[in-house]
1. Along its three principal axes, how long is segment 77-148 when you only count alpha carbons? Whole Å, largest extent first please.
2. Hey, what's the chain come to in accessible area per residue, 1.4 Å probe, Å²?
3. Take the alpha-carbon centre of segment 9-65, take the same for segment 102-128, and report the distance between them in whole Å.
4. How would 87, 147, 1 rank on accessible area, largest to smallest, probe 1.4 Å?
5. For residue 75, what accessible area in Å² do you get when you roll a 1.4 Å probe over the heavy atoms of the protein chains, rounding to the nearest 10?
6. Looking at segment 16-71, which trypsin sites (Lys or Arg not before Pro) are in a loop (DSSP not H, G, I, E or B) and have at most 15 other Cβ atoms within 10 Å?
7. Could you give the Stokes-Einstein D for segment 42-114 in µm² per second, using the C-alpha Kirkwood radius, 4 °C, 1.567 mPa s?
8. Would you please name the GluC sites (Glu not before Pro) within segment 1-62 that are DSSP coil residues with at most 16 other C-beta atoms within 10 Å of their C-beta?
Amino acid sequence: MVVVEAPASSVFDAPREVIRRIALVSLALLLLGVVLAWVLSRQITKPLVELTRAAEAIAEGDFDRSVESRGVTSDEVLRLGTSFNRMTAAVKASQDELASQFEEAVATSEELEQANLQLQVASQAADEARDAALSANRAKSDFLAVMS
């Protein structure tokens, strides 16, 4: 059996240095992983955030808002953006048609009000003419009664 005497610090220095290097490499890999995960999540969520903002703008009445398709890496997100833009165009067209129909309804309502006023005037004139005819008929009847 051979026994070698050496200070404890010299025996444990080499393994401590290896553990320290492994810890530093692990920390560097962990930081790199966190940064890569953050960048990847931003690439994934950026189009979805844009889509959400566009939906909120449309909910507030801005029907000219659309979703940009540049820089989209996912086919699903690209399809979703394209569908959203088509939906926005259809909603805008429907909104424009509804506004046009509303304007036509208001114009028709005004025309009907004018026609109603004219009918009321004509009805009053007809009532006055009927009353005059009834009065003339009574006067004729009274005259004929007196004459007979």
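1. The principal-axis extents, from largest down, are 102, 14, 7 Å.
2. Working: 12470 Å² over 148 residues.
Solvent-accessible surface per residue comes out at 84 Å².
3. Spelled out, the Cα-based centre of one part sits 71 Å from the other.
4. Details: 87 95, 147 125, 1 215 Å².
If we order 87, 147, 1 from most to least accessible, we get 1, 147, 87.
5. We get 110 Å² for residue 75.
6. Working: sites: 16, 20, 21, 42, 53, 65, 70; in loops: 65, 70.
Sparse-neighbourhood loop trypsin sites (Lys or Arg not before Pro): 70.
7. Numbers: Rh = 14.1 Å.
The diffusion coefficient I find is 92 µm²/s.
8. On the way: sites: 5, 17, 50, 56, 60; in loops: 5, 60.
For GluC sites (Glu not before Pro) across segment 1-62 that sit outside H, G, I, E and B with at most 16 neighbouring Cβ atoms in 10 Å, the list reads 5, 60.
The values are calculated or read from the model by the stated rules, or taken from the named source; none is laboratory data. Fair warning: this is a prediction, and the values are worked out from it, not measured in the lab. Counting neighbours? That spans all protein chains shown, and the Cβs are built from the backbone with ideal geometry, glycine included. Keep in mind that these areas ignore ligands, DNA and RNA; they rest on the heavy atoms of the full protein, side chains included. Shrake-Rupley method; radii C 1.70, N 1.55, O 1.52, S 1.80 Å.
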